[in-house]
C-alpha cells in the first residue's frame, strides 16, 4: 500500500510535511502525474476524483507536453482544453526554453 511518505521523493523542492494533500490537490496531482511513476499515478487515480484530476489538467501548465497528451487521452479531455498544450503557452515556453 502506498502512503504519503512513499510519495515524498516527488516533492524534492518543498517540505512534504507542510503539503495539505486535500487543499493543495492541484499541486499534488500535477506533480505526481507529471513526475511520478506508475505507483504514484495509481495513487492519484485512487485518491482524487476524476473531476479534480481533469480540473488540474485543464488549469496547471506545469505538465510536460508528453504527460499532458497522455492524461488528456486517458481521461478523454480534448487536447485544446489542456493548459500545457494550448498554443499560446507552448509558444511562450519555447521562447524561454527552445529545446
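Any read-out appearing in this document is the output of simple, stated calculations on the displayed coordinates, not a laboratory observation. These numbers come from a predicted model, not from an experiment. So basically every Cβ, Gly included, is an ideal-geometry build from the backbone, and we count neighbours across all protein chains shown.
Using 0.36 nm per residue of separation minus the Cα-Cα distance, give me the extension gain between residue 45 and residue 59 in nm, one decimal.
Working: separation 14, 0.36 × 14 = 5.04 nm, distance 1.76 nm.
This chain segment gains 3.3 nm when fully extended.
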Expected unfolding gain across residue 35-residue 8 under the 0.36 nm per residue rule, minus the alpha-carbon gap, is 8.5 nm
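Treat region 16-68 as a sphere of radius equal to its Kirkwood radius over Cα pairs and apply Stokes-Einstein at 25 °C in a medium of 0.890 mPa s; give the translational diffusion coefficient in µm²/s, rounded to a whole number. Provide the component values of the computation, followed by the final result.
Working: Rh = 11.1 Å.
Value of D from the Cα-based Kirkwood radius: 221 µm²/s.
Based on other C-beta atoms within 10 Å, arrange 55, 22 from fewest to most. Spell out each step's value before the answer.
On the way: 55 15, 22 9.
Least crowded to most crowded, the residues run 22, 55.
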Computed on alpha carbon atoms, what radius of gyration and Dmax characterise region 4-96, expressed in Å?
13.2, 37
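Set the Förster distance to 41 Å, then compute FRET efficiency between residue 18 and residue 80 from the Cβ-Cβ distance, nearest 0.05. Let's see the in-between values first.
Values: r = 35 Å, r/R0 = 0.85.
Once the sixth-power term is evaluated, E becomes 0.70.
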